[in-house]
Amino acid sequence: DTPILSVQNIKKYFPIKGGVLKRTVGHIKAVDDISLSIKKGETLGIVGESGSGKSTLGRVILKLLQATEGDIHYNGTNITTMKRNHFRPYRRNMQMVFQDPFGSLNSKMSVAELVEEPLLVQTTLSKKERQVKAVEFIEKVGLRAEDRLKYPHEFSGGQRQRISIARALITNPEFVVCDEPVSALDISIQAQVLNLMKDLQEELGLTYLFISHDLSVVKHISDRIAVMYLGKIVEVAPTTKLFQEPVHPYTQALLSSIPTINKEKTDNPAVKLTGDIPSPANPPSGCAFRTRCPFAHDRCEKETPQLAEVGADHEVSCHLHH
Ligand code: SF4
Ligand code: MG
């Protein structure tokens, strides 16, 4: 089975300019050698602290940012260096739901205009066809047809996120990157929007890459979860396995920090995270997690651990396990 999406050794480095001549004096290694693949219909969750590079990874995969190195395949086709007009039919199929329902919607456009806009830009449908489809998707995300004449400020955060979802889905994409789609919402609203996204996934046959800093949110929606730290994936496993048998010390620490999750049966040892995440401009040598890892030893400073299998469908990068 060809995965719907796969990336091989993807890197995204941002140059740091310094001095009067604005020379490149270093690089922020936002995404640093990541390989992964996503099966059609599945949800792969990406979890990590802010600054771990997850949003950059999502943008690179959608070609909203050009990768520094590595390859991106969509349904087996290498799209990494595809030019804009050649890429256009892929863009329709690869959409993004953004983090901020307040900032990402143009306040001067009505709901109907907002939801219709991607069709105007990315398809050749007539005005009438676009309007019919817009109403269909406004209702699909749980708003009322009459709401189409209103403006974003007349809605709550959860309703605005529904408008963003309608915009992302109206071109009938196959693959959607969801970047913290519920992080700006009240806890009570989060589950409603997540459940809507799950229902739409089933109805429309969507594949999700779901990015969040919140493990309990990612758990709710993902089939598999990849844990990111300083631009790298440190562990990837099916959701149940990751929660019951976390192997990487960083995953163990993340899980220990969510008390409610540990109510379920797990062998998860209590690992406490100390200190802040180091700057991606100057990551520690060897294992980037070693400055916060209670199990760090000599080898961790000298040698960068590689992601390798520890069980079926379960990969970890840590010297303790290889
Ligand atoms: Fe900790 Fe070393 Fe494993 Fe990194 S490689 S997570 S520092 S034990
Ligand atoms: Mg982000």
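Residues are listed down the side, and each one gets a yes or a no for (1) among the basic types (Lys, Arg); (2) buried (at least 23 other Cβ atoms within 10 Å of the Cβ); (3) touching a Gly at 6+ places or on another chain (Cβ under 6 Å); (4) more than 30 Å from Phe14 (Cα to Cα):
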residue	(1), (2), (3), (4)
Gly157	no, no, no, yes
Arg167	yes, yes, no, no
Gln192	no, no, no, yes
Leu200	no, no, no, yes
Glu235	no, yes, no, no
Leu242	no, yes, no, yes
(request) Consider Gln99 carefully, then state whether it is in contact with a Ser or Thr (Cβ under 7 Å, 6 or more places away or on another chain) and assigned to a strand (DSSP E or B). (result) no
(message) Give me the residue from region 267-306 that is under 23 Å from Gln244 (Cβ atoms) and within 24 Å of the chain's Cα centre (by Cα) and, out of that set, modelled with the lowest pLDDT.
(response) Leu273
(message) I'm checking my understanding of the structure. Among residues of region 34-54 that are polar (S, T, N, Q) and buried (at least 21 other Cβ atoms within 10 Å of the Cβ), which one is nearest to Pro238 (Cα to Cα)?
(response) Thr43
(request) Residue by residue through region 285-300, note down the ones that are touching a helix residue (DSSP H, G or I) at 6+ places or on another chain (Cβ under 9 Å) and near ligand 1 (Cβ under 9 Å from one of its atoms). (result) Gly286, Cys287, Phe289, Arg290, Arg292, Cys293, Pro294, Phe295, Ala296, His297, Arg299, Cys300
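Quick grid of which residues meet (1) surrounded by fewer than 19 Cβ atoms within 10 Å (Cβ to Cβ); (2) under 18 Å from the mean Cα position of the chain (by Cα); (3) in contact (Cβ under 8 Å) with a residue 40 or more places away in the chain:
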position: Leu62; (1), (2), (3): no, yes, yes
position: Arg91; (1), (2), (3): yes, yes, no
position: Ser110; (1), (2), (3): yes, no, yes
position: Pro118; (1), (2), (3): no, no, yes
position: Lys127; (1), (2), (3): yes, no, no
position: Gly142; (1), (2), (3): yes, no, yes
position: Tyr151; (1), (2), (3): yes, no, yes
position: Ile163; (1), (2), (3): no, no, yes
(request) State which residue pairs qualify: first residue among the β-branched types (Val, Ile, Thr) and inside region 210-228, second residue more than 16 Å from ligand 2 (Cβ to nearest atom) in any location, beta carbons under 6 Å apart, and separation of 6 or more residues or different chains. (result) Val218/Ile225; Ile221/Thr43; Ile221/Leu194; Ile225/Thr239; Ile225/Leu242; Val227/Val234; Val227/Glu235; Val227/Thr251
(request) Output the residue which, of all residues in region 244-266 that are modelled with pLDDT of 75 or more and surrounded by fewer than 17 Cβ atoms within 10 Å (Cβ to Cβ), is nearest to ligand 2 (Cβ to nearest atom). (result) Ser257
(message) For region 49-56, check the following and say yes or no: at least one residue is under 29 Å from Gly205 (Cβ atoms), touching a residue at least 24 places away in the same chain (Cβ under 8 Å) and not small (Gly, Ala, Ser).
(response) yes
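The values are calculated or read from the model by the stated rules, or taken from the named source; none is laboratory data. Predicted model, so just to flag it, every value in this text is computed and none were measured. Reconstructed Cβ throughout: ideal geometry from the backbone, glycine too, with neighbour counts over all protein chains shown.
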